[in-house]
Amino acid sequence: MALAKVTIAEFTELALCCPANQTMLIVGDFGIGKTQVVRKVAKLLKLDCVEYDCTHLTDPGDILGLPCIVNGRTCYNPTSWYSPDKPVLLFIDEVFRAVTEVRGTLMPLTLEQKIADLKLAPGSRIICAANPPGYHGYEGEVPDAAQLSRYAAYWLDPTFNEWMDNAKEIGCHQAVID
């Protein structure tokens, strides 16, 4: 998987200027601050950050909401964070570890910002994150070219100083920083 390497500062700048309807993907080793950079981007954009960890999603209903019948038609009761009027930054972590059924639900979400028949509020953004499959023994689905093409994808490669600043900012134990 050949992606452009970017620092935290570069990714943040890219995320701020990326069109809202373009899903972004950051790939990088575990523990480098992917989650923290997404939370920082949400703050800079003044958006609530809604986080999904794909390792905890076992059923499409975890994203779609519970099904119900309205006028003889199956609809879905959206999850509690959803609003057609309030934009959010939807953070989908461990996207390469999603089970097959959940991956199918993520496709229209990452391509069209739709959950079932519901569109995310205008101005909403989606950022996905993943550790690279096979890297340091990490397990996960290797994305095919079609999957990867739906993202503005980058390899997050923080500088030493960025990692240190991030570790201090999130309150990492001093022994780890040392």
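The values are calculated or read from the model by the stated rules, or taken from the named source; none is laboratory data. What you see is a predicted model, and the numbers here were worked out from it, not measured in a lab. Here the Cβ is made from the backbone with ideal geometry for all residues, glycine too, and neighbour counts use every protein chain on show. Just the protein is used for accessible areas: all its heavy atoms, side chains included, with ligands, DNA and RNA removed. Shrake-Rupley method; radii C 1.70, N 1.55, O 1.52, S 1.80 Å.
Across the chain, the relative contact order, built from alpha-carbon pairs under 8 Å that are at least six residues apart, equals 35 percent. For Rg and Dmax of the Cα atoms in Å, which listed value, (i) 14.8, 44; (ii) 16.1, 45; (iii) 16.9, 62, comes from the coordinates shown? Computed from these coordinates, Rg and Dmax of the Cα atoms in Å corresponds to label (iii).
Under 12 Å of direct C-alpha separation, and excluding same-chain neighbours fewer than eight residues apart, residue 86 reaches these aspartates and glutamates: 48. Amide H contacts for residue 48 (H built 1.01 Å from N in the peptide plane; partners 5 or more residues away or on another chain; cut-off under 5 Å): 89. Comparing 14, 44, 57 in a Gaussian network model of the chain, where Cα atoms under 10 Å apart are tied by springs, the biggest mean-square fluctuation is seen for 44.
Once the GluC sites (Glu not before Pro) in DSSP loops with at most 16 neighbouring Cβ atoms within 10 Å are cut out of the chain, the longest remaining piece is 1-138.
Given their separation in residues at 0.36 nm each and the Cα-Cα distance between them, residue 16 and residue 172 gain 53.5 nm when the chain is fully extended. Here the accessible area is traced with a 1.4 Å probe on the protein chains. For the chain, carbon and sulfur cover 54 percent of it.
Largest mean-square fluctuation among 54, 128, 17, in a Gaussian network model of the chain whose springs join Cα atoms under 10 Å apart, belongs to 17. In the chain, helices alone account for a calculated mean residue ellipticity at 222 nm of -8500 deg cm²/dmol, with every DSSP H run of four or more residues adding -39,500 (n - 2.57).
Over the range 1-107, accessible surface divided per residue gives 53 Å², non-protein components excluded, 1.4 Å probe. Note on residue 53 and residue 119: the extension gain reaches 21.7 nm, defined as 0.36 nm multiplied by sequence separation minus the Cα-Cα distance. In this simple spin-label approximation, residue 36 and residue 81 carry label points 7 Å from Cα along the Cα→Cβ vector, and these lie 2.1 nm apart. Computed on the range 8-96, with alpha-carbon pairs under 8 angstrom and 6+ residues apart, the relative contact order is 30 percent.
Residues considered: 35, 12, 74. Largest GNM mean-square fluctuation over the chain, using C-alpha springs under 10 Å, is found at 74.
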